[in-house]
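Just so it is clear, none of the values below were taken in a lab; they were calculated from the coordinates. Keep in mind it's a predicted model, so treat the numbers as computed, not measured. Here the Cβ is made from the backbone with ideal geometry for all residues, glycine too, and neighbour counts use every protein chain on show.
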Amino acid sequence: MSGGTRVAIDVGGTFTDVVTLDGDSAALKFDKVPTTPRRPEEGVLNGFAAGGAPMADIDTFIHGTTLGLNALLTRRGARTGIVTTKGFRDVYLLGRTDRVPMYDFKYRKPASLVERQHIVEVDERLDFEGRVIAPFDEESAVAAARVIRDLGLDAVAVSFLHSYVNPAHEVRMAEILKAEAPDVIVTISSDLSRQLREYERTSTAVLDAYIKPIVRSYLAKLEGVIEDRGFAGQFLMMRSGGGAMTAGFAKEAPVNLILSGPAGGVLGASWFAKAAGYPNLITIDMGGTSLDASLVVGGEPFTYFDASFEGLPINLASLYIHTIGAGGGSLVWVDEGNHLQVGPASAGADPGPAAYGLGGTEATFTDAALQVGYLGNDMPLAGSLTLDKDLAAKSLQSSADALGMPVDEVARGVLRISTTKIVGAVRAITVELGHNPADFALLSFGGGGGLVGVDVARELSIKTVIIPPGPGAFCAFGMLMADVRHDFSRTRIGALDKLDLANVNSDIAEMHAEGEQMLAAEGFSLDAQEYAATINLRYEGQEHSVTLLIAGHVDDAEVERLKGAFDAAHERAYGHTMPDPIEVVALRTSAIGRQEPPTLPKLATRDGHTAQTRLSRNVIQVDGSSVEYAVYHRDDFMNGDVINGPAVISEHTGTTVMHANDVAKVGPYGEIVISLAEGK
């Protein structure tokens, strides 16, 4: 890669975030434009325009989109069917009998994406080692393909029993579907996942097929438009697993894009953890519609293979991200018990919060933040949007009337409820996984992250809150750090002591070859490719496993090393070890196409300088009193500047609030590091 201009665009539920990195000057430009839900490509094109770089000068465009996610949320995806092994028609509909949380009496099984009459069977059967028990019946397959065609389906997922070991029958079924039902888009499960568990594998294939027509159409349209305007660079899509993939591969496996936006934020946090010297971070990303919480430990994000979307599993590599409905556009309402509630429903981009003056009348978190003084009409939001405090107060009045409370008290209640919900999300990824939040710094970003960061940190006894540069567009910023990545897996279940070393090394070599072929097709030379092989191990009889890096060729010495490493990793993860035999679950390989890392600008230094305020604003406190907060603009800061609370820091993509006796210092990349005062 050359040092040309890079543009990252992340489409969210309310705003589309844009980061432009000039390859010559290393200057970063952060922008936000409204998302256009009905015509998503328009918001992206508006983002390019806001960034200002000529299309012909852009070397790399990396994109995160909620298109597939929104199709799933609204159940507006393709009419999808399933082709499966005879006798296993109901695997997908039955799912698993467990539930999370286990004792939730209000639990309702997730709605299926596929109707039962759209599931057809084929006479074929493999055993768990991939050996043929019942041959693939061509007549049965042709009949199934014609049923799919006659049903008028848009897409179909092919998922046969044990195809993760031997995909030959799925491949042949896809060929028959192409001949008999050429208008139907096909996903075969073994192309996405070579892991055991037929339900999870089928669910992954169904999710992919369900969104594939929409994503393909969108990417084709977007590619055509930007090429017509002069773009000739590399077009990448952000993956849920933290890497990137070319737009061409994204069209074939769009299930990898479902959490692409939030993954960019975690990737940016990982880069920041190393660059700025904060290896252990809790991240909260508060956008317009939702809040995403994640962890970075030792400079690395958590990756796992048990992700799910609204209870529907996805057994592909994903960053560990916990999402709740708590965003700037989260709606305020009063429930049947006369209790104040916030979210999960959102005002979104259209019409947005009432204070935007775009036609919205229902109160949101943003309206409450404006009412208490965290936001103001003296500093435009997202660079150009002036908020209307009268409209905000009017929207909150209905809840105030229902509760018999003053509007100011309702607004404070909205902020308090939101903080409590966010604290719960952070506890889910820390305390519930054996981590003490106080051992981490809190990296708070997204358009609303700076409004809640210090309050959330205090509740969790976290001492340090960091607001990165361009917080409202930080997910897009993180995408600039993404390497192209492909993940492969092979199921191998058996005792570690009795591991067939020849088969293991053959599997790793096969996955390496697949990765090399894919990266070469994407333009990566051999010296720009890297590979990492890992193994999943567990104690015999356990359900979940621990992932360990394989150090080169697997021989007897490596097996012995893995035994000790597994015990140590299990104790770190679960607090104990066991004398039980160790069992292999799966082998994995990550193929990485290294992008030239961008050089990011640093601020000029003036150590110990007290930042100068632009104005002041009254902020309503928990007890109802009003306190004057100094208002700063982040563009005025330099490395080493000090900000004393109480203060509000405004900028183009977000707003940060810090309270009395909190002290902030500006870091070399422009990050604001807030040291929290003791107490509430």
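For the charge dipole of the stretch 580-636, defined by +1 on Lys and Arg C-beta atoms and -1 on Asp and Glu C-beta atoms about the Cα centroid, which residue among Val627, Ser590, His609 has the Cα displaced farthest towards the positive pole?
So the residue furthest toward the plus end is His609.
Using the Karplus equation 6.51 cos²θ - 1.76 cosθ + 1.60 (θ = phi - 60°), what ³J(HN,Hα) coupling, rounded to whole Hz, does each residue of the stretch 472-479 give in order, writing x for Gly and Pro?
x, 10, 5, 4, 5, 4, x, 5
Test of the criteria: in the stretch 68-145, which chymotrypsin sites (Phe, Trp or Tyr not before Pro) are in a DSSP loop and have at most 12 other Cβ atoms within 10 angstrom of their Cβ?
Tyr103, Phe105, Tyr107, Phe128
What whole number of Å gives the distance from the Cα centroid of the stretch 613-680 to the Cα centroid of the stretch 400-478?
Computed from Cα coordinates, the inter-centre distance equals 16 Å.
How big is the charge dipole of the chain about its Cα centre, in debye rounded to the nearest 20, if each Lys and Arg gets +1 on its Cβ and each Asp and Glu gets -1 on its Cβ?
1040 debye
Order these by the 10 Å Cβ neighbour count, fewest first: Ile493, Ile284, Ile185.
Ile493, Ile185, Ile284
What translational diffusion coefficient, to the nearest whole µm²/s, does the stretch 183-240 have by Stokes-Einstein, given a Kirkwood radius computed over alpha-carbon pairs, a temperature of 25 °C and 0.890 mPa s viscosity?
Stokes-Einstein gives a translational diffusion coefficient of 181 µm²/s.
Calculate the all-directions average of the projected area of the stretch 247-325's alpha-carbon convex hull, and give it in nm².
It is 5.9 nm².
State, in angstrom, two size descriptors of the stretch 484-593 derived from its alpha carbons: Rg to one decimal place and Dmax to the nearest whole number.
Both quantities, over Cα of the stretch 484-593: 14.9, 48 Å.
Quote the charge dipole size of the stretch 402-450 about the Cα centre in Debye, to the nearest 20; the model charges only the Cβ of Lys and Arg (+1) and of Asp and Glu (-1).
Using Cβ point charges on Lys, Arg, Asp and Glu, the stretch 402-450 gives about 60 debye.
Note down the magnitude of the dipole of the stretch 544-600 about its Cα centre, charges +1 on Lys and Arg C-beta and -1 on Asp and Glu C-beta and zero elsewhere, to the nearest 20 debye.
280 debye
Give a quick list of GluC sites (Glu not before Pro) in the stretch 94-160 that DSSP marks as loop, anything other than H, G, I, E or B, with at most 16 other Cβ atoms within 10 Å.
Listed in order of number, the matching sites are Glu115, Glu129.
For the chain, what value does the Rg/Rh ratio take when both radii are computed over Cα atoms and Rh is the Kirkwood radius, given to two decimals?
Reported Rg/Rh, Kirkwood definition of Rh: 0.98.
Through the Karplus equation 6.51 cos²θ - 1.76 cosθ + 1.60, θ set to phi - 60°, convert the phi angles of the stretch 271-288 into ³J(HN,Hα) values in whole Hz; use x for Gly and Pro.
Each residue of the stretch 271-288 in turn: 4, 5, 4, 7, 5, 9, x, 10, x, 10, 10, 9, 10, 10, 10, 9, x, x Hz.
If you split all Cα-Cα distances of the stretch 9-85 into 5 Å bins from zero, what percentages do you get per bin, shortest first?
Going from the shortest bin to the longest, the percentages are 3, 14, 22, 19, 13, 10, 7, 5, 4, 2, 1, 0.
Return the tail of the calculated pair distribution for the stretch 73-215, meaning the percent of Cα-Cα pairs more than 28 Å apart.
16 percent
Show the residues, 5+ positions off or on another chain, whose built amide H is closer than 5 Å to the amide H of Ala363.
Answer set, sorted by chain and number: Val332.
On a 0 to 90 degree scale, rounded to 10, what angle separates helix 449-459 from the longest Cα axis of the chain?
It is inclined by approximately 90 degrees.
Note down the relative contact order for the chain as a percent, whole number, built from C-alpha pairs under 8 angstrom at least six residues apart.
12 percent
Exactly which trypsin sites (Lys or Arg not before Pro) in the stretch 104-147 are in a DSSP loop and have at most 15 other Cβ atoms within 10 Å?
Taking the stretch 104-147 and a limit of 15 other Cβ atoms within 10 Å, the loop trypsin sites (Lys or Arg not before Pro) found are Lys106, Arg108, Arg131.
When the Kirkwood hydrodynamic radius is evaluated over all pairs of different C-alpha atoms of the stretch 470-515, what value in angstrom, to one decimal, is obtained?
For the stretch 470-515, the Kirkwood estimate is 13.9 Å.
Compute the distance from the alpha-carbon center of the stretch 1-77 to that of the stretch 485-524, in whole Å.
Answer, in whole Å: 34.
Placing +1 on the Cβ of each Lys and Arg and -1 on the Cβ of each Asp and Glu in the chain, which of Ser217, Val426, Pro34 has its Cα farthest towards the positive end of the resulting dipole?
Of Ser217, Val426, Pro34, it is Pro34.
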